[in-house]
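Below is one structure; the comments refer to it alone.
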Amino acid sequence: MLDVDRDQVLAYRAAAQGLDRSTDDPAKLGVLDLGVQHSAAHTARLALSARLPRLPDGDADPFADEGAFAVLWSVRGAPHLHRRADLAHLARALWPRGEADAHSRLAAERKPLKESGIGALEAFAAAAKALRSVVTRPMPKGEVSAAVTAKLPDAYSYDCRSCKARHVYGGLLQQVGLPAGVRQEFDTSPPVLAPLEKRPAVPTRPAGTADVVRAYLRLHGPATAADAAGYFGTSQTELRHSWPDGLVEVRADGRKCWLPEEDLAALRGATAPEHVRLLPPLDPFLQSRDRDLLVPDPARQKEVWKILGNPGAVLVRGDVAGVWRAKTAARKRLAVTVRGFGRIGKADRALVAEEADRMAGVRGLAEAAVTYET
């Protein structure tokens, strides 16, 4: 059995996730096999910029509404940027395999649905069909929520104290966005939802789930079944039913883990990268579920992953070396504040400045200025 340490695992992941900028084609980025989480803070744009020599524009812009990519609620109900060509497969692969799997993915809606005699899998199907029937044109999210609420029994919704209205449970609504064939338009506030062109029917059973589990292990491995289950928002017991073939056991930083056999040579030969990257909050590199390996110090983990308002991460030679936050200054400059977990040397600071300028360009600003907290 191959035995690798933390440094080798991180070096492997940095390369597997495209942080070496070895391709200039966004469609070829491996991280898009699972999608790149997107938010109003330019997270998907910044994640792609960290992996590409430059972010394409014009007709090749990944964030053009009619292009080859789309943002949808998908993994765990979170909005992700995906290749449009992958969506039909992903909708089936991420569909719950049965009642127990569907139940494990629910949260606040579990109790009212159960008390009303509505099964979890039934709820997924009903919510997906309702969302699909409502979104036949571009519509604001609030309007969509109200219309879906009206179509479903009361157990699917709750009384919202802040706006004094009744809403369908957001967690359930967002988990059925992909199977319903509903996408988000880019850069709209509040969010605007639209029907996916040529959307397939709502799935009735899963297919190809092992493929997405394999993708997780390839991108975030070596990893455990518990890590993969946490990423997909299900239980380890349910995930085991979709465990892929062709895996090899690896001892990674003292843990029994798994990796696709075809990636073993890349892991064995992985060496620490020389680059520095500014990763946005929600970046794929930070989505691995083994946070103790990514950031071993519990106090530093609390700085990287917060309940609300995560910072970005400073990646130096494959290791999380600090966090960053940014804001616009004087309407033309990006002010980036870095808090290092240790000393960031002069040469690395020069690379941080280059990455900050790149980040400013993604945000449509002329330049960046970096300051360091002590």
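Values in this text are rule-based calculations from the coordinates and carry no lab data. No experiment lies behind these values; they were computed from the predicted model shown. With ideal geometry, Cβ positions are generated from the backbone for all residues, glycine too; neighbour counts draw on all protein chains shown.
Just flag the chymotrypsin sites (Phe, Trp or Tyr not before Pro) in region 226-272 sitting in loop per DSSP whose Cβ has no more than 14 other Cβ atoms within 10 Å.
Passing both the DSSP loop test and the Cβ count: no residue.
Helix 6-16 against the longest principal axis of the chain: what's the angle in degrees, Cα atoms only, rounded to the nearest 10?
70 degrees
How far is helix 120-134 tilted, in degrees, relative to the longest principal axis of the Cα atoms in the chain, given as a value from 0 to 90 rounded to the nearest 10?
Once rounded, the angle reads 90 degrees.
What area, in nm² and to one decimal, does the C-alpha convex hull of region 220-374 cast on average over all directions?
With every direction weighted equally, the projected area is 11.0 nm².
Run the numbers for GLN236 and LYS28: contour at 0.36 nm per residue of separation, minus the present Cα-Cα distance, in nm.
71.9 nm
Based solely on its DSSP helices, what 222 nm [θ] is calculated for the chain when runs of n ≥ 4 H residues each add -39,500 (n - 2.57) and the sum is averaged over all residues, nearest 500 deg cm²/dmol?
-9500 deg cm²/dmol
Quickly rank 88-94, 326-332 as a protection proxy: mean count of other C-beta atoms within 10 Å, highest first.
The most tightly packed comes first, giving 88-94, 326-332.
Measure up LYS111/LYS151; LYS111/LYS164; LYS114/LYS164; LYS306/LYS327; LYS28/LYS198; LYS28/LYS129 against 30 Å on the Cα-Cα distance and list the ones that go over.
Beyond 30 Å: LYS28/LYS129.
For a quick check of your reading of the filter: which trypsin sites (Lys or Arg not before Pro) in region 117-224 sit in a DSSP loop and have no more than 14 other Cβ atoms within 10 Å?
ARG161, LYS164, LYS198
Per 20 Å bin, what percent of the C-alpha pairs of the chain does each bin hold, from zero upward?
Each 20 Å bin holds this share of Cα pairs: 28, 57, 15, 0.
Taking the inverse of the average 1/r across all pairs of different Cα atoms in region 20-195, what Kirkwood radius in Å do you get?
17.0 Å
Could you state the number of Å between the C-alpha centres of region 114-136 and region 218-272?
33 Å
Any idea what angle helix 346-362 forms with the longest principal axis of the chain, computed on alpha-carbon atoms, 0 to 90 degrees, nearest 10?
The answer is roughly 40 degrees.
Given the C-alpha centroids of region 1-74 and region 274-300, what is the distance between them in whole angstrom?
So the separation of the two Cα centres works out to 15 Å.
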